[in-house]
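These notes are about the structure you will find just below.
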Amino acid sequence: MDSLTISVESPLADDLELLFQRHTADMHADTPPESIHMLPRTALVTPDITFLVGRLSGEPVAMGALKRLAPDHGELKSMHVLAEWRGRGLSRVMLNNLMGLAREQAISKVSLETGAQPGFVAARALYARAGFSECPAFPPYRPDPNSVFMTRML
């Protein structure tokens, strides 16, 4: 397998359509609409968000974003690896890159919201292995039985 390259890109790039389609489908698969906190592509284009794309042989296979919530607090957003590439450690590599980005930006606390449904078991396990632990909802979120909130200090 070719090595994964990860770089800052625009979420509006034409060749990212499949990633966003699959991400959207996965989020809607077993989560009630009122509990989906995924940002649309256009909302990822802001100075407070750094968007990363993982590519294999030039093809986009993974994405993730870091959103600054406060000077020292960031949130992981839009983490997704295409299903056919899962199980190869790409999510871990993307997560490690996002955490490195947080350190570069002097962010000392990284939080996230993910689903409570069975389809999110692998994601929750990935975050737990990376040192994240469950926490209460953080702004702008409210407690939601369909959400799991996690955080980690850097």
* Structure fact -> Considering residues that are in a loop (DSSP other than H, G, I, E, B) and either closer than 15 Å to Lys67 by Cβ or in contact (Cβ under 8 Å) with a residue 40 or more places away in the chain (or both), the number found within the range 83-100 is 1
* Asked: Only one of His37, His80, His23 is of a type outside the set (Gly, Ala, Ser) and part of a helix (DSSP H, G or I); which?
  -> His23
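Okay, residues lined up against (1) out of contact with any Cys (no Cβ under 7 Å at 6 or more places or on another chain); (2) closer than 21 Å to Phe120 by Cβ; (3) at pLDDT below 95; (4) among the small types (Gly, Ala, Ser):
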position: Leu39; (1), (2), (3), (4): yes, yes, yes, no
position: Asp48; (1), (2), (3), (4): yes, no, no, no
position: Arg55; (1), (2), (3), (4): yes, no, no, no
position: Ala62; (1), (2), (3), (4): yes, yes, no, yes
position: Leu66; (1), (2), (3), (4): yes, yes, no, no
position: Pro71; (1), (2), (3), (4): yes, no, no, no
position: Ser78; (1), (2), (3), (4): yes, yes, yes, yes
position: Gly87; (1), (2), (3), (4): yes, yes, yes, yes
position: Arg92; (1), (2), (3), (4): yes, yes, no, no
* Report the residue count in the range 1-58 for those that are basic (Lys, Arg) and in contact (Cβ under 8 Å) with a residue 40 or more places away in the chain. => 2
* Residue selected from the range 101-122 under the condition in contact (Cβ under 8 Å) with a residue 40 or more places away in the chain and under 18 Å from Pro32 (Cβ atoms), by the criterion surrounded by the most Cβ atoms within 10 Å (Cβ to Cβ) -> Gly115
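The values are calculated or read from the model by the stated rules, or taken from the named source; none is laboratory data. Fair warning: this is a prediction, and the values are worked out from it, not measured in the lab. Cβ atoms come from the backbone with ideal geometry, glycine included; neighbour counts cover every protein chain shown.
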